[in-house]
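Enquirer: Can you keep this structure in mind? I'll have questions shortly.
The values are calculated or read from the model by the stated rules, or taken from the named source; none is laboratory data. Just so it is clear, the model here is predicted, and its values are computed rather than measured. Neighbour counts are summed over all protein chains in view; Cβ atoms, including those assigned to glycine, are modelled from backbone coordinates with ideal geometry. Remember, those area values only see protein heavy atoms, side chains included, never the ligands or the DNA or RNA. Shrake-Rupley method; radii C 1.70, N 1.55, O 1.52, S 1.80 Å.
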Amino acid sequence: MIAIALRVRQEGLAMSSSYFSLVIALIYLFAQRINGQNTTSTSTYSQSNVPTGTPVAGNYGGPLRPQVHFSPPKGFMNDPNGMFVDAAGLYHLYYQYNPTANVAGNQHWGHATSQDLYTWTNQPIALFPSNPTEGIFSGSTVLDPNNTSGFFPNRTNGVVAIYTLNTPSRQVQSIAYSLDNGYTFTKYPSNPVIPSSTNQFRDPKVFWHAPTRRWIMVVAYPVDFKIAIFTSQTLRSWTPASNFSHHGLLGLQYECPNLVQLRVAGRADPAWMLWISINPGAPLGGSITQYFVGAFNGTHFTADDARTTVSDFGKDNYAGQFFGGGGEGKGKGEGVSVAWASNWQYTNVVPTAGEGWRSVMSVPRANYLKQMPRTGLGLVSYPYDIWAVVEREVVFNKSLGNGSVFVDFSDVRSGALYFEANVTNLTDVASLEGALNFTVGASGSGESVSGGTFVESGDVWLDRGNTRGFMNPFFTDKFSATGVYDGEGTWRISGVVDRSIIEVFLNGGELSATSVFFPTQRMDWMSVSVRGINESAVASVGVWALKAAWLGEADANGTVVGNVTEG
């Protein structure tokens, strides 16, 4: 069928690209009808180079391949999608996935599962386009234990995926349901559940709102700078309720909204937070995520004030989503999130394609809200249960004072570390002195990534400029932000470094930065220094080696085949 369409084009008939795509789709659909296939409910179509029912295998032994961060087995990955925790406590991560090339396009939903959010098992692709002109764009999943959708009679473990179906002419919201706990899906024959006439309508996030006993959807009209709120009792039909529009940084598009309720430190009642990603047009260029704290009554979100706050001061944290279905952090009431750790300005050209893959997710983050000095409620985001993936202590000095520690981690199989530097016993504003700095380097090439914080001013910084594996005019190399001392007697910096990505956290996550970097040789040493702290203060420093989570699943050649038994 493709050969027919190509021959038509080669014989000189002038067609626009969208008309040509339509011809291909019509030929394909006609062929399906001849073969007796149901074109409305099938979840796959025959694409010879995309595995169906078996995981995509990939090599995780490359020098740039992170070991405690999720990355796809091969091909290109972007936004996290449909994250939920099932009744057995297993985390499910879906993601935007092109299994056939190392650039964005040919969008499917990849799928992986984990017990601890660091050790992942690649599963078979979960959602496929139904014809060559479709893309399965971003969305979410929900558990439907009360069978509000009608898809799950006599079942309590039904999973429904809500996603944007992208075609050349429009974007609509569609659903698919799973009878096997989210491993395979059947598309709803009466899709779309929210039609449209625009090609700028995407990224639905859906959750159950117990007070109104309705499903809530937040979804973006990107070029209108509008986040629409819809409600439903069945997941099949939706009613528009309100819009949250033209707030904060606009950039050129709103994308990937997420509305979530989080605990507030020191308060009994939680608050609502609305995440909105923008791309392009971030202050540092490309893509970024901002958030608003406020109230939600089941139909309308109202921000507490006019503040605009970004969730990460680096350049590689976008489209973050929260786990649903019980994804709160182990009794703490803290939502767990994962974000795409890249930037649309350069993601399609980063050098990891030489290893057969592109893009990585952030480490899982636990999140809560805290009353910040001067600025009001702010997001605190920190590595979720990082100790679950610690392999051993490399160095720990609980009373370093003004000094430094040096670590040779060339023998750490993962090449990944977690580190902390803490100043305690700060008595008053006059005791806010000194600096905490770190450097991670490659002894073979002299490359390094460095960062630190000044206790008195509150400034925190990160510099990836001394790496030479990737040159691009948009690959900004220095980032900074400013924290405010809260009077609790401590100032601290921590971070996760994992081969080609670093995430830095100030004061337990009151500020955070995510940054990919690409050295020409493997990083193998680290130094952490404390300088100029007040004589009344005490400094402690620790560095821990992290497990080689991916290599632990690999064969002798570094290949991970994934789960070939589920689904």
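Enquirer: From the backbone phi of region 552-558, what are the Karplus-calculated ³J(HN,Hα) couplings (6.51 cos²θ - 1.76 cosθ + 1.60, θ = phi - 60°) in whole Hz, Gly and Pro given as x?
Expert: Going residue by residue, I get x, 9, 8, 7, 5, 8, x Hz, with x marking Gly and Pro.
Enquirer: Which of the residue pairs 398/547; 74/187; 226/315; 205/547; 370/547; 205/370 have a Cα-Cα distance greater than 28 Å in the structure shown? Each step should come with its number before you reach the end.
Expert: Working: 398/547 24 Å; 74/187 26 Å; 226/315 24 Å; 205/547 33 Å; 370/547 31 Å; 205/370 24 Å.
Over 28 Å apart, Cα to Cα: 205/547; 370/547.
Enquirer: Right, next: Using only helices, what value at 222 nm comes out for the chain when you add -39,500 (n - 2.57) per DSSP H run of length 4 or more and divide by the total residues, to the nearest 500 deg cm²/dmol?
Expert: Helices in the chain give a 222 nm mean residue ellipticity of -1500 deg cm²/dmol.
Enquirer: Placing +1 at every Lys and Arg Cβ and -1 at every Asp and Glu Cβ, with all other atoms neutral, what dipole size does the chain have around its Cα centre, in debye to the nearest 20?
Expert: Once rounded to the nearest 20, the dipole reads 1520 debye.
Enquirer: Could you provide, to the nearest whole Å², the per residue accessible area of the chain with probe 1.4 Å?
Expert: 38
Enquirer: Turning to a different aspect of this structure: Using θ = phi - 60° and the Karplus form 6.51 cos²θ - 1.76 cosθ + 1.60, what ³J(HN,Hα) does each residue of region 380-393 get, whole Hz, x for Gly and Pro?
Expert: With the stated coefficients, region 380-393 comes to 10, 9, 9, x, 6, 6, 4, 5, 5, 10, 6, 8, 6, 7 Hz.
Enquirer: Using amide H atoms built in the peptide plane, which far-off residues or other-chain residues are under 5 Å from residue 459 H to H?
Expert: Placed amide hydrogens put 454, 483 under 5 Å from residue 459.
Enquirer: Write out the trypsin sites (Lys or Arg not before Pro) in region 279-381 meeting two conditions: DSSP loop, and at most 12 other Cβ atoms within 10 Å of their Cβ. Intermediate results must be reported in sequence, preceding the final value.
Expert: Working: sites: 307, 315, 330, 332, 358, 365, 370, 374; in loops: 307, 315, 330, 332, 374.
Sites meeting the loop and neighbour criteria: 330, 332, 374.
Enquirer: Could you give the C-alpha radius of gyration of region 280-405 expressed as a fraction of 2.2 N^0.38 Å, taking N as the number of residues it contains?
Expert: On the way: Rg = 18.2 Å, N = 126, 2.2 N^0.38 = 13.8 Å.
In units of the globular-protein estimate, region 280-405 measures up at 1.32.
Enquirer: Using the Kirkwood formula over every pair of different C-alpha atoms, what hydrodynamic radius in Å results for the chain?
Expert: Across the chain, the inverse of the average 1/r is 24.6 Å.
Enquirer: Where the centre of each part is set by its Cα atoms, how far does region 265-322 sit from region 476-522, in angstrom?
Expert: Going from one Cα centre to the other spans 19 Å.
Enquirer: In addition: Near the amide H of residue 467, under 5 Å away, which other amide H atoms are found, from residues 5 or more places off or on another chain, if H is placed in the peptide plane?
Expert: Answer set, sorted by chain and number: 448.
Enquirer: Positive end of the charge dipole of the chain (Lys, Arg +1 and Asp, Glu -1 on Cβ, about the Cα centre): tell me which of 362, 396, 448 has its Cα farthest that way.
Expert: Working it through, the farthest residue towards the positive pole turns out to be 362.
Enquirer: Would you kindly derive the ³J(HN,Hα) couplings of region 498-515 from the backbone phi angles with the Karplus curve 6.51 cos²θ - 1.76 cosθ + 1.60 (θ = phi - 60°), listing them in order in whole Hz, with x for Gly and Pro?
Expert: Whole-Hz 3J(HN,Hα) from phi for region 498-515: 8, 6, 9, 8, 10, 10, 10, 10, 9, 6, x, x, 5, 10, 8, 9, 10, 8.
Enquirer: Also, I was wondering about something else. Quick one: which residues, 5+ away or cross-chain, put their amide H under 5 Å from the amide H of residue 404? H built at 1.01 Å from N.
Expert: Result for residue 404 returns 530.
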